[in-house]
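What follows is a single structure, written as structure tokens, with notes after it.
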Amino acid sequence: MTDFPWLTLLLVVPLLGAAVVALLPRGFARTREVALGVSLLTLLLGIVAALQFDVGSGTQFQLAQSVSWIPQFGVSYAVGVDGIALSMILLGVVLVPICLVAAWDDVPVVDDRRQQTYFALMLVLEAMMIGVFAATDVFLFYVFFEFMLIPVYFLIGSFGGPQRAKAATSFLLYSLLGGLIMLVAVIALYLQGPGGTDGFLVESLTGISMDATTERLLFTGFFIAFAIKAPMWPVHTWLPQAAAEARPATSVLLVGVLDKVGTFGMIRFCLQLFPDASRWATPVVMTLAVISIVVGALLAIGQRDMLRLIAYTSISHFGFIVLGIFALTTVSGTGSTLYMVNHGFTTAALFLIAAMFIVRRGSRDIADFGGWQRVTPLIAGSLLVAGLSGLALPGLNSFVSEFMVIIGTYQRYPVFAVISLAGVILAALYILLWYQRVATGPKPEEYAAVTPDMTLREKIVVAPLIAAFLFLGFYPKPALDLLEPAVTTTLQHVGVTDPAPTDATAEGSEG
């Protein structure tokens, strides 16, 4: 069954589903059910495909398929996954149906096509997410990298909040700038490689010889695009506005999955294709990472808007992910890739639970709340659990990955690891202060009698996310077993090995 084109099928199903949804009759009453059915079918196919993946295989890319696409330019339709790419695809296909259920009432059924358009765009976005993580041809990756901007732009610009036009434009301009810089680097990389009909394949471009200046320039071109997407300080400013103005379900996919393209690209392309330049740039990148950790956390503490607060916490968390990637140890790299998965679930819960409060209160301003634990105890309790996941409480999912990033970074760069601990402390502040201001205090009597607690649909949204917190918190081994071989392969391409452990006893006896 491994020769079956699972990844292509995963890509085609949501695209065809999007076309079906978009062509449904005007005002069709079952649009949401059709879209949800397509997303659940995609999830089922994703699970079946994952079962074909051999964790113990020595092959870098599995479930692979390669067909010459534009042979005159060396472009192939080539897809395949390692453990990291597979985990990102699975994250996406799990979150999409959750987001569709959460977005059930975002666009009511009226006599126009807005509901069909909204849910069709969500399915197109799912297809682009699968494609960008599965691509093993650098040019094909770039195509998906750019095409996924289209559904996000319209989801924000057509269905977002009052400032949606500005937010969508800012998102698009930042992303297009990064994409343009990367396109120049992609073309230059091809010219450095062996060329031919398969000249853009990752395996064809891995290990090629180039002078130091060229390699550093190409690394910089790719890194800038991925830093914008990640997002890292100081090119992060588009994210808070986009996350605040988008519908919460769109924000989940944007921050929880799509922004991982940035950190995924750093691993797949920056480290693997430019190993010498990656080692050269490590001090600068790690400095930017710890700045992102601290600045993102400090800005989160000062936020009044719930959705912007979550966006700034993500900037801090992405700093941890990048820190672990460029610490270049097995522990930190595995922790970072696991962090990418954990952050997706945690951020999804925070955005969707915040949306439940916003719908009931009619405001995103934290100052307008207080005492809501007495009004909606299930929603407030879910916020607390999601918040504790966000601050990496032991026993919940984020603790394992954050601990691994810090320990792995300390093995090679103890100073950066110690500075990053500030993010751990600040996370406790912004999460607990947020919960305190929203949930605790006197009961708001004007809302107590008329505000319902969590509905059945909302329970269906939250339950799988909390289950993921607990499973990955208490038993992360399956995820680690999937991710670690891919991290090890990447570090081999970079040409680094883990630092030798210090034997304090032996050193003492020698003294």
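The values are calculated or read from the model by the stated rules, or taken from the named source; none is laboratory data. Given the structure is predicted, the values throughout are model-derived calculations rather than measurements. Please note: Cβ atoms are built from the backbone with ideal geometry, for glycine as well, and neighbour counts cover all protein chains shown.
Scanning region 197-225 for residues that are out of contact with any Ser or Thr (no Cβ under 7 Å at 6 or more places or on another chain), in a helix (DSSP H, G or I) and hydrophobic (A, V, I, L, M, F, W, C) gives L205, A212, L217, L218, F222, F223, I224, A225. Close Cβ contacts (under 7 Å, 6 or more residues apart or on different chains) running from residues in region 26-45 that are surrounded by 15 or more Cβ atoms within 10 Å (Cβ to Cβ) to residues that are part of a helix (DSSP H, G or I) and among the charged types (D, E, K, R) comprise S39/E126; T42/E126. The number of residues in region 474-498 being surrounded by 20 or more Cβ atoms within 10 Å (Cβ to Cβ) and small (G, A, S) comes to 2. Scan region 359-369 for residues that are outside any helix (DSSP H, G or I) and surrounded by 18 or more Cβ atoms within 10 Å (Cβ to Cβ) and the total you get is 2. When you check L91 against the structure, is it closer than 22 Å to L140 by Cα, touching a helix residue (DSSP H, G or I) at 6+ places or on another chain (Cβ under 6 Å) and assigned to a helix (DSSP H, G or I), yes or no? Yes; evaluated as a whole, the condition is true for this residue.
For E484, the criteria (1) at pLDDT below 90; (2) among the acidic types (D, E); (3) in contact with a Ser or Thr (Cβ under 8 Å, 6 or more places away or on another chain) hold in every case but one, which is (1). Within region 328-336, is even one residue within 13 Å of the chain's Cα centre (by Cα) and farther than 20 Å from A439 by Cα? Within region 328-336, one or more residues are within 13 Å of the chain's Cα centre (by Cα) and farther than 20 Å from A439 by Cα.
Picking from residues in region 263-295 that are of a type outside the set (A, V, I, L, M, F, W, C) and over 16 Å from T490 (Cα atoms), the one that is surrounded by the most Cβ atoms within 10 Å (Cβ to Cβ) is S292.
For L328, the conditions (1) more than 30 Å from V96 (Cβ to Cβ); (2) surrounded by fewer than 24 Cβ atoms within 10 Å (Cβ to Cβ) are fulfilled apart from (2).
Of all the criteria given as (1) more than 14 Å from I267 (Cα to Cα); (2) hydroxyl-bearing (S, T, Y); (3) in contact with a helix residue (DSSP H, G or I) (Cβ under 7 Å, 6 or more places away or on another chain), the one not satisfied by T490 is (1).
Taken together, the residues in region 150-191 that are free of Cβ contacts under 8 Å to residues at least 24 places away in the same chain, surrounded by 14 or more Cβ atoms within 10 Å (Cβ to Cβ) and touching a Gly at 6+ places or on another chain (Cβ under 9 Å) amount to 2. Filtering region 193-208 to residues that are crowded, with 17+ Cβ neighbours inside 10 Å, in contact with a helix residue (DSSP H, G or I) (Cβ under 7 Å, 6 or more places away or on another chain) and not charged (D, E, K, R) leaves G193, G199, F200, V202, L205. The one condition from (1) in contact (Cβ under 8 Å) with a residue 60 or more places away in the chain; (2) of a type outside the set (D, E); (3) not in a helix (DSSP H, G or I) that L393 does not meet is (1). Being under 21 Å from M286 (Cα atoms) and not hydrophobic (A, V, I, L, M, F, W, C) is not true of K166. Tell me yes or no: at least one residue of region 57-64 is assigned to a helix (DSSP H, G or I), surrounded by fewer than 19 Cβ atoms within 10 Å (Cβ to Cβ), among the polar types (S, T, N, Q) and modelled with pLDDT under 90. Checked against the condition, which is being assigned to a helix (DSSP H, G or I), surrounded by fewer than 19 Cβ atoms within 10 Å (Cβ to Cβ), among the polar types (S, T, N, Q) and modelled with pLDDT under 90, region 57-64 yields no hits at all.
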